[in-house]
Every structure is written in structure tokens, then in C-alpha cells.
Amino acid sequence: MNEQLIQQLPKIELHCHLDGSIRPATLRKIAHEQRIQLPENEQQLRRQMIAPEKCLDLNDYLTRFQTVIACLQTKQALQAAAYDVIYQAATEAVAYIEVRFAPSLHTQKGLTLAEVVTAVLAGLKQGQADFQVKSNALLCGMRHEELQEIIQIVHLAHSFKTSGVAGFDLAGNEADYPPAQFEAALALAQQLSIPITLHAGECGCGQNVADAVHLGATRIGHGIAVKDTPEYFPLLKDKHILLEMCPTSNLQTQTIKTSADYPLRQFMKAGLKVCINTDNRTVSNTTLTKEFLKLSQWHQLTYGEMKLLTQNAIDGAFLSEKEKSALTKLIEKSYQNIPA
């Protein structure tokens, strides 16, 4: 596969974290406006924001968010960060993107949860107007927080449901806080008809993936650990669950040890629905183009398969059928003269 052609083909991204995807230059500008000191040395700043190719584990990877979070505590900063992600998406022909973030992480300087969401949505909307990239937001509850705080985020997602918030997610330390602990919050989301995508199987446990599905998730963030528990494949197939795979990130966090172990082929052969994502464009130093290119190198992915994975993303997107249909038409037209 050719990198330039991959970049030009329309793509869909469903798993992209706002705070992990802001470019260093944009963060520097945001920090300057707030008089926050960042390392003057560019390489030092990049080391704080970009994870190495091999981290110790997921928690080691997550330390790269600290510098960014400290700067994203004002309306202007959040709006600029969201706009920056849409700009990046536009440079590689992403036609639709769902940007996720945890509102509770951005209230350190007095913003209310609603103000945080409003600011991010303003940035996404501005980006959509300037770059014609359609977007929605996903709100994350952080697993280490109290259940009542997470339930508050579910209510927040409901109140912004018609303004650009498309769904609910749980993020953070999966190993210590498995999905079953959040049954009440997820039951409420289902009751309020809020689509659910959950981080599960990003670290060592396939059981978390099955539990997330039983608790109402229609999409799974990562899901890699389920490769070792194929007894759950029929459940994922029967429920048409979409696995949001993030190759570079999964290698960095040592969810998999080598590229040869990446279970893309295993999942596709088993008939599971998967799509490809960046997870964190900056922390993983990647783009959607790079992710597809890597899969062509690791597992001989073809353009025909890239189209299939893109269609899977459309089918699983938290969009109306009319919007999905428009994206499908765009994909069909763009791939007309592309070799399978």
C-alpha cells in the first residue's frame, strides 16, 4: 500500500482522545496564553507528550497526559484543542471523527462540567465549519472516580445529546476497575438511550470485553485481550460488536509484545467487526494514515480490506442512518478506481 494514496482516501475515526492528540506547537501556544511554563527545549516537551515505542505498561503510557491536562483548564484552551484535532483529521481526509474526553479532568480551575463540554463542542463545530470534517464528542467517565461522579457524566451526555455528544465511555485504569463495577451508570445510559462504547480488553483480561457487552456496550475500545479468550467470539459476532483497534498504542502499552502478535487477522478471520483508530495522535505519534500503513506492513493489509474496515467504522458510528448512508456513498465513490 502507498502512503500517499492511503492519506488521500476518506477515512473514519471512532477512537481518538482529545487530550492525547493535541500537537506540541498548539499546546505551547495555549500554555503561553495562560503563562504556564513548558520546557523550552522542543525535544524535552516532546518527551513529556509522546510515549516511547515500548512503555512499561498502560499506566506508564498514561503519564504522558499530565502536562497536557494541566494546560486544558480554560474554555479557550479546550476550544483550541478540539479545533486542533479536527485540523489534523482534515490533513488526512478523515470524513468523520468521534473525539472523546473526560469532562471531570478539566475542572481544576473552576470550569463547570457543562462549560467544559460546551467549549469542546465549540472547537469541534468551528473545525467542522473550516475543514468540512464532520465530528461528534464522546464523554468519558474516569474509572477511578466515585460511581456518583460517573453517573453525573451520563446525565451530562444526555443533556448534550442533541448538541454534539454522541455517546458515553469509561476510560482509565481498567486493571483495577473492571466494567462490572459500573453497572448502575451503564444501566442509566441505556435507560436514557445513550450509545455506549467502553475501553475493555486494553490490558490482560478478555472477560472485561464480555462483561462490557453484557452491560450494554455496542463498541469496545481496543478489545485486544479477547484474542486469548476465543470463547467470547460468538457473543461479539451475534451482537455485531465493533472492536475499535489502535495498533501503535497497543504495541506501546505492551498489550501485545510484537507486531506479528497483533490479532487483526485473527479477528477478521473469525468474522468479528473491527475498525482502525489512532487512540492518541500525539502520545502515540501517529495518524490514521500511519496506522493503515503499518497494518499493510505487518499483515499485508490491502486497499479492499481498508475499505471494509472503513465501512465497519461507518456502520458502528454513533450517527443517524441518513448520515451513515452519505458516508457510505463517499467511500464507494472514492474506491471506484482503487485496486482491491
Please give the calculated 222 nm ellipticity per residue for the chain, where each DSSP H segment of at least 4 residues contributes -39500 (n - 2.57) and the sum is spread over every residue; nearest 500 deg cm²/dmol? -14000 deg cm²/dmol
Given labels modelled 7 Å from the Cα in the Cβ direction, how far is it in nm from Ala260 to Asn173? 3.5
Rank Gly110, Gly167, Gly201 by mean-square fluctuation in a GNM of the chain with C-alpha springs under 10 angstrom and give only the top-ranked residue. Gly110
With unit charges on the beta carbon (Lys/Arg positive, Asp/Glu negative), name the residue among Ile69, Val165, Gly304 whose Cα is farthest towards the positive pole of the charge dipole of the range 3-334. Gly304
FRET efficiency for Leu235 and Ile36, using Cβ-Cβ distance with R0 set to 45 Å, rounded to 0.05: 0.45
Please give the contour-minus-distance gain from Glu321 to Lys109: 0.36 nm per residue of separation, less the Cα-Cα distance, rounded to one decimal in nm. 72.4 nm
With +1 on each Lys and Arg Cβ and -1 on each Asp and Glu Cβ, how big is the dipole of the range 3-334 about its Cα centre, in debye rounded to the nearest 20? 800
Rounded to the nearest 0.05, what FRET efficiency do Gln76 and Glu183 give with R0 = 41 Å and r taken as the Cβ-Cβ distance? Could you check? 0.60
So how long is each side of the range 3-334 along the principal axes, counting just the alpha-carbon atoms, biggest first, in Å? 52, 46, 43
With loop defined by DSSP as not H, G, I, E or B, and exposure as at most 15 other Cβ atoms within 10 Å, which is the longest segment of the chain clear of exposed trypsin sites (Lys or Arg not before Pro)? 258-340
Show me the helices of the chain, taken as full DSSP H stretches, that run 15 Å or more along their long axis by Cα and average 0.5 or above in Kyte-Doolittle hydropathy. 113-131, 147-159
Which order do Val226, Val99, Val274 fall in if you start with the one that has the fewest other Cβ atoms within 10 Å? Val274, Val99, Val226
Please tell me which of these pairs span more than 24 angstrom C-alpha to C-alpha: Lys134/Lys237; Lys227/Lys322; Lys273/Lys329; Lys54/Lys294; Lys11/Lys290; Lys239/Lys307? Lys134/Lys237; Lys227/Lys322
Give, in nm to one decimal, the length gained when the segment between Lys54 and Tyr87 is fully stretched (0.36 nm per residue of separation minus the Cα-Cα distance). 9.1 nm
Karplus-derived 3J(HN,Hα), 6.51/-1.76/1.60, for each residue of the range 56-69, Hz, glycine and proline x: 5, 5, 4, 5, 5, 4, 5, 5, 5, 8, 4, 4, 5, 4
Mind giving me the FRET efficiency for Arg47 and Ile69? R0 is 25 Å, r the Cβ-Cβ distance, nearest 0.05 is fine. 0.90
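No lab work stands behind these numbers, since they all come straight from the coordinates. Since the model is a prediction, treat every value here as computed from it, not as a measurement. Note that each Cβ is placed from the backbone with ideal geometry, even for glycine, and that neighbours are counted across all protein chains shown.
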